[in-house]
1. Could you point to the residue in A43, A202, W274 farthest towards the positive end of the chain's charge dipole, with +1 and -1 charges on the Cβ of Lys/Arg and Asp/Glu respectively?
2. Please compute the modelled spin-label separation between N162 and H32, points set 7 Å along Cα→Cβ, answer in nm with one decimal.
3. Which shape class, rounded, prolate or oblate, goes with segment 304-343 when its Cα gyration tensor gives a ≥ b ≥ c as root eigenvalues, a/c under 1.5 marks rounded, and past that a/b bigger than b/c marks prolate?
4. So how strong a dipole does segment 29-338 carry about its Cα centre when Lys and Arg Cβ are +1 and Asp and Glu Cβ are -1, to the nearest 20 debye?
5. If neighbour count is taken as other Cβ atoms inside 10 Å, put H278, H52 in order from fewest to most.
6. Hey, could you pull the Cα Rg and Dmax for the chain, both in Å?
7. To the nearest 0.05, how large is the calculated FRET efficiency for Q255 and D299 if R₀ is 41 Å and r is the Cβ-Cβ distance?
8. Just from its helices, what would the mean residue ellipticity at 222 nm be for the chain, if runs of 4 or more DSSP H residues each count -39500 (n - 2.57) and the sum is divided by every residue, rounded to the nearest 500 deg cm²/dmol?
Amino acid sequence: MPGEVHYHDYLQLDKILNAQLPESQKLEFPAHDEMLFIVIHQAYELWFKQLHFETDSIIGIMKKPALNDNSPELQTVVHRLNRIVTILRVLIHQVDIMETMTPMDFLDFRDMLRPASGFQSWQFKELEAKLGLKFEQRYGNNYYTSQLRKEHIEIIKNAEKNSSLLQLVSSWLERMPFLKDGAGDSFWNDYRNIYQKSLDEAEKNNLAMFDEIFFPENKTLHKDQSGLNPDWLLSPASSRAALFIMLYRGYPMLQLPFQLLNALLEIDEQLSSWRYRHMNMVHRMIGSRIGTGGSTGKDYLKAAADKHYIFKEIAQLNSFLIERKKLPALPAEIEKQLGFVAA
């Protein structure tokens, strides 16, 4: 029988509570706010660890060759994605605590930190890679690892080589059994016509985007390629499946898949909010000065925030929605499948 577990020992509080070693305490005039600075960043790294734990578990489930859309496993994926969203909201709110420190308070110890910087958080960069941010999509490319230790760069590079959550979601969408093998040709032809009629004159390029994203193999449709994104990551089949889920999410069989897609968009939104709160905080603290790690400070953070959307292809699909009342009627057999009614 194991011995009794004590709260103090279980949480290893000796290690945690003695892990704050302010640089300013080594000098004659300790900076009061450095303790807050350390605790908040340590809390960030602990939350990053939990985000990795949740993401790894989701990737493990999504890697399975077959995932039943009406199964406890899909419910688990959605539940853990929503937990990730909630944790990200906490990270944003922690900025409120950090901003109780004034610029002058920060200057009391800022120069002692060089060249340490939040830019050296390898956990966050690895998390971005696991979610689906590709190397070529990163702002600054190689610069993002320029200040990391060799072993941490290897961790991030390995994450980039493995299947990301975005890639696994795309593969999962491709397996959706509805409207496959030519059965959906008439449906998508009808949908395209309805969508075309819904477009304003200023949106005329959207039809070319629709054809390129959903039916790139049909070259007769591609008369105008202007405005298309050559870096689209979702396959045509997964793009059609995701749009179908968004359109008919009211059916019981599609409710969980829709919640999954919506959670991914929420993750992107929360990550973006966190990046912009961080950027504004940096601008408030140091103005136009460079960061302690040597970056351009606010300017670098803004450029990265503008570019580092991970699930942007899923968000872009909202450009191709039509009014619910104009949706094409589904074949009776598909309606039965979507409603959990036995054939």
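Read-outs throughout are calculated quantities, based only on the coordinates presented, and are distinct from any laboratory measurement. Model, not experiment: these values are computed from the prediction. Don't worry about glycine lacking a Cβ; one is built from the backbone with ideal geometry, like all the others, and counts go over all protein chains shown.
1. Of the options given, the answer is A202.
2. Once both label points are built, they end up 4.5 nm from each other.
3. oblate
4. The calculation lands at about 180 debye.
5. Arranged by neighbour count, lowest to highest, H278, H52 become H52, H278.
6. Reported Rg and Dmax, both Å: 24.1, 80.
7. FRET efficiency, Q255 to D299: 0.45.
8. -18000 deg cm²/dmol
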